[in-house]
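No lab work stands behind these numbers, since they all come straight from the coordinates. Note that this is a predicted model, so its numbers are computed, not measured. Note: ideal-geometry Cβ built from the backbone for every residue, glycine included; neighbour counts use all protein chains shown.
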């Protein structure tokens, strides 16, 4: 079953200031309202995707419903007044420069939501890499359920080690019509898009992507000793947005005939496909900040929690020689001001750096029962937050933001170690979804900026 469909994309009319039109994904800078206030200043009265999306910094605010109502009105106005116009049906080849050595290459497509599932244990062709927090769906559904258009910030990963699908298209990009080419605000870099119209080229793209999940090749590629559910796409960014689209579609299709279900636009969700082996793609950890916590209470709770799980918990003042970026540490000795940890042969240690207003500490868990460091940390934090209802957590892209937020009394930041991107697909295939917010594809300003639209 092919997951892809050719979308009917809408773009702003000629002459629109695309610098003001395109803003970063709504789930970024959620603890920095000043970022979004500056975006509002830049946009002013100009047509903009800012007016078609709800930055999540405003979720739960007193004017949330007013913002949602305004979004729906703006969507209708932009279509009725021709601010948004359809272009020829096809895929959009995307080239994004964020100032790194290599550009990031992608392909904007429509994904059939019938091939995607976010529930735990799902065996669908399109699956999340990380756990979906279903409690996060209802507030987002307020925007999606009665919206008339959608804007994608979802990024889907394909595992194409031969770089045989998207990369050859980029080499031939000048053969396609360029439909946008603009700088992006707030350090977003530069982006260009090329239309690949419906035809033999798009048919070939769909066939090549479908082949990535051909059963025999799939089993050989991942060295599988038994049959696992095939995986064609792994959701890298924007899974809660995709889960919201799925939830909205499930509600809509209840009142549709079989024939109507086949063609209803809400069944198909705009996404950008990126090859996990794209040279620009840097898989980075997503860090944590806990708000409203007392550090000694948290550390005491951590010690008790890990002891119950049969693990050993250690913390102390960090020193430069203890700085470790590997996921596991074997046969090393780490001395801190408060405690000495001697690792025995074949023991694993999951290590983190903790930041507070008092400074920074190294913390570690020896003999963890979880497979990756983020699972070890998140398991405890979930338990801690369940018993401390006044505390909140946010997931932060970028170490500097964590350090800045952690300077405030009552905030505790956790810096996680690096994630190996080559392990992501096999991890999802064999173990199911990873803990939520395990990794990020780049810093917040590198996230997808809204550009294309589609009716739903």
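Things worth noting here:
- Shape class for segment 341-430, computed from the alpha carbon gyration tensor (a ≥ b ≥ c): prolate, with a/c not under 1.5 and a/b above b/c.
- In the chain, the longest principal axis of the Cα atoms and the axis of helix 64-80 are about 30 degrees apart.
- Placing a label point 7 Å from the Cα of residue 88 along the Cα-to-Cβ line, the residues of segment 160-183 whose backbone N sits under 11 Å from it are 176-178.
- Computed from the C-beta positions of residue 422 and residue 80 and an R0 of 60 Å, the FRET efficiency is 0.80 to the nearest 0.05.
- Taking 1.002 mPa s as the viscosity and 20 °C as the temperature, the Stokes-Einstein diffusion coefficient of segment 230-310 based on its alpha-carbon Kirkwood radius rounds to 121 µm²/s.
- You can think of it this way: the chain between residue 294 and residue 214 has 23.6 nm of extra reach, that is 0.36 nm per residue less the Cα-Cα gap.
- Two-site FRET efficiency, residue 177 against residue 358, from Cβ-Cβ distance with R₀ of 45 Å, rounded to 0.05: 0.20
- Mean Cβ neighbour count within 10 Å, used as a protection proxy, ranking 246-253, 17-24 highest first: 17-24, 246-253
- Here each label is just a point 7 Å from Cα along the line to Cβ, and for residue 225 and residue 430 those points are 1.0 nm apart.
- Computed over the chain, relative contact order equals 23 percent, with contacts defined as Cα pairs under 8 Å that lie 6+ residues apart.
- Full-stretch length increase - residue 72, residue 201 - with 0.36 nm per residue and alpha-carbon distance subtracted: 42.9 nm
- For segment 239-317 and segment 349-365, distance of Cα centres in Å: 23 Å
- Where labels lie 7 Å past Cα in the beta-carbon direction, separation of residue 301 and residue 383 in nm: 1.1 nm
- Dividing the helix sum by the residues of the chain, where each DSSP H run of 4 or more adds -39500 (n - 2.57), gives a mean residue ellipticity at 222 nm of -8500 deg cm²/dmol.
- Computed from Cα positions, the angle between helix 33-43 and the longest principal axis of the chain comes to roughly 20 degrees.
- Centroid-to-centroid separation of segment 158-215 and segment 19-39 [C-alpha atoms, Å]: 26 Å
- Shape class of segment 1-126 from the Cα gyration tensor (axes a ≥ b ≥ c, square roots of the eigenvalues): rounded, since a/c falls below 1.5.
- Secondary structure note: in the chain, about 90% of the DSSP beta bridges are antiparallel.
- In this simple spin-label model, placing a label point 7 Å from the Cα along the Cα-to-Cβ direction at both residue 347 and residue 262 gives a separation of 6.3 nm.
- Diagonalising the gyration tensor over the Cα atoms of the chain and scaling each eigenvalue by 5 before taking the square root yields semi-axes of 38, 26, 21 Å, largest first.
- Cα gyration tensor category, rounded, prolate or oblate, for segment 39-191 with a/c compared to 1.5: oblate
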